[in-house]
Amino acid sequence: MLVFFFICLVLFGLPVYSHTEQSKQSSMSKIFTPTNQIRLTNVAIVRLKKAGKRFEIACYKNKVLSWRNNSEKDIDEVLQTHTIFTNVSKGQTAKKDELVKAFGAKDETEICKEILSKGELQVSEKERHSVLDSQLNSIVNSVAALCVNPETRRPYPASIIEKSLKDAHFSVKMNKNTKQNTLEAIKMLRDHMPIERSRMKLRVSFAGKEGGGKLKDAVVKLANAVEHEEWEESTLHLTLLIDPGQYRVIDELVRNETKGKGLLELLELKEVVESDELF
């Protein structure tokens, strides 16, 4: 029976391997199978050049901008691996001495965070246009919400903001978050159109003995206008219009001067609050 099977193989021209040859071929197959490669999928590469070297990290797509906008705070949700590469595509990792020279004595997670914040997101031309369009739309809407026409005290339509930004040759910086780009856009628009930040209405209350006239003068100096002033027994209530950037200054001033007994209330907030921070 075995002889008949062998003859059939020969007649039909099928290859005949000895047990040794089969083992050798199986061994060769194992040798050429890349078992030590990390296969990264859905990769977004962020690249930073520093100290004459190129450093890259592998991130999940759509998570880089979320991290930069502070909507994602878990670094493990952003990074595919904490390994730092000189070339992600080729799997070439950075040497320890190169990292120390460029970043100092930081651990790899801290280095990854620096690359994330300062590096450039590597995307295809089609993806770049899509990301830039999305970023620009967010910036336009933020500017429209944050600013007003000083002559009418009314906000500009988003279409006017977008056209003015294009006329001013504004370009989105992909290594900056929406907040940073928005502030840059407002600064640029001031040279091309009448625009100013919308104001915040704030009520400040403190006892006369907790600072008295000195604290009142300091607070009023930081405000754009005093809408209302009222004494209720020994407590002074001030209703102020302020630039949003002065909120933290006034808050810190009142807390320090009154040892935490003063009170700040937001009566109107026409600002976009991002990650508990006021622009």
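The values are calculated or read from the model by the stated rules, or taken from the named source; none is laboratory data. Source: prediction; values computed, not measured. Virtual Cβ from ideal backbone geometry, glycine too; neighbours counted across all protein chains shown. Ligands, DNA and RNA are excluded from the accessible area calculation, which covers all protein heavy atoms including side chains. Shrake-Rupley method; radii C 1.70, N 1.55, O 1.52, S 1.80 Å.
Quick notes on this one:
- Residue 54 - accessible surface, heavy atoms, 1.4 Å probe, Å² rounded to 10: 80
- Here the range 198-271 is treated as a Stokes sphere of Kirkwood radius computed over C-alpha pairs; at 25 °C and 0.890 mPa s its diffusion coefficient rounds to 204 µm²/s.
- Where a label projected 7 Å from the Cα of residue 51 along Cα→Cβ would reach, residues of the range 95-127 with amide N under 17 Å: 95-116, 118-119
- q = 0.15, 0.26 Å⁻¹: log10 I(q)/I(0) that the Debye formula gives for the range 43-122, counting C-alpha atoms only: -0.45, -1.32
- Coupling constants for the range 79-92 follow from the phi torsions by the Karplus curve (6.51 cos²θ - 1.76 cosθ + 1.60, θ = phi - 60°), and in residue order they are 8, 6, 7, 7, 5, 9, 10, 9, 7, 5, 4, 8, x, 8 Hz; glycine and proline get x.
- Share of alpha-carbon pairs per 10 Å distance bin for the range 132-178, given as whole %: 26, 55, 17, 2
- Between residue 230 and residue 125, residue separation times 0.36 nm minus the direct Cα-Cα distance comes to 31.8 nm.
- Taking the 1.4 Å solvent-accessible surface of the range 127-224 as the whole, the part contributed by carbon and sulfur is 48%.
- The smallest convex shape that holds all Cα atoms of the range 140-216, its convex hull, gives 140 Å³ per residue.
- Pairs beyond 32 Å (Cα-Cα), from 63/163; 176/259; 173/214; 126/201: 176/259; 173/214; 126/201
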